[in-house]
Amino acid sequence: MERRRAVQLLGGALSAPLATSSEALAELLTFGARVRASVPADQAPSDLLTPTRARALEAMAEIVIPRTDTPGAEAAGVTEFVTALVDGWLDDAEREPFLAGLDDVDVQAVDRFGAVFAECSDEERSIMIAEFDDDLTRRRSEGRASGHFFHGVKRFTLTAYFTSEAGLAALGHRIAVRRFEGCAPLSNPEGCP
């Protein structure tokens, strides 16, 4: 699957999840698995999604999908998924506004509340997220949502979560591990000699 097609699926599946075909969902799950598999076990810290940006993203993702009786964004490994996405899957046109937006979140948080976003209170973070969401909604009505960094935050968070084992389990999907049993005895089907 081409990355462009995968990114298209991210937007389509998340904007109308009930209208998503099973084929598109299967493609999206395959994409999620490929992104996760692209991360080497001994991966060095990202030069792009720096620890500061990752902390801001993790705090925002946990507000988008908080831990309740099901795992939240952090438990589903959203930050690791987005790190892989930023490092190896997004093109510059998508990556740069996303990273610039993450940088600006901390600037705004310090200006308003005297602390970086991840260190703000739950109420302060929720206020900022509500404002980002309102701005995104306004831009969406004007047809300009795709360039907004919070569009990326939501899209990547939801994709990471709902293509993860934790997210699928939260939706009630069971993960079936297929096995190959090459030496299984064959029974004689009805009607065969």
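The values are calculated or read from the model by the stated rules, or taken from the named source; none is laboratory data. It should be emphasised that the depicted structure is a prediction, and the values quoted were computed from it without experimental measurement. Note that each Cβ is placed from the backbone with ideal geometry, even for glycine, and that neighbours are counted across all protein chains shown. Calculation scope for accessible area: heavy atoms of the full protein, side chains included, ligands and nucleic acids excluded. Shrake-Rupley method; radii C 1.70, N 1.55, O 1.52, S 1.80 Å.
Structural remarks
- Of the set (1) under 16 Å from the mean Cα position of the chain (by Cα); (2) surrounded by 15 or more Cβ atoms within 10 Å (Cβ to Cβ); (3) free of Cβ contacts under 8 Å to residues at least 12 places away in the same chain, all apply to F113 but (1).
Let's see how each residue does on (1) in contact with a strand residue (DSSP E or B) (Cβ under 8 Å, 6 or more places away or on another chain); (2) modelled with pLDDT under 90; (3) open to solvent by less than 40 Å² (accessible area, probe 1.4 Å):
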{"site": "D47", "(1), (2), (3)": "no, yes, no"}
{"site": "M60", "(1), (2), (3)": "no, no, yes"}
{"site": "D92", "(1), (2), (3)": "no, yes, no"}
{"site": "A100", "(1), (2), (3)": "no, no, no"}
{"site": "A109", "(1), (2), (3)": "no, no, yes"}
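- Matching residues, the range 141-150, being without any contact (Cβ under 8 Å) to a residue 60 or more places away in the chain and either among the polar types (S, T, N, Q) or open to solvent by 40 Å² or more (accessible area, probe 1.4 Å) (or both): S141, E142, G143, R144, G147
- Set R67, R53: member being more than 25 Å from A145 (Cα to Cα) and either among the basic types (K, R) or surrounded by 23 or more Cβ atoms within 10 Å (Cβ to Cβ) (or both): R67
- For the range 65-172, the helices (runs of 4 or more DSSP H) that sit wholly inside it and include 1 or more residues that are more than 21 Å from L25 (Cα to Cα) are 78-88, 92-113, 122-141, 149-162.
- Annotation note: of R138, R125, the sole residue that is surrounded by 13 or more Cβ atoms within 10 Å (Cβ to Cβ), at pLDDT 80 or above and of a type in the set (K, R) is R125.
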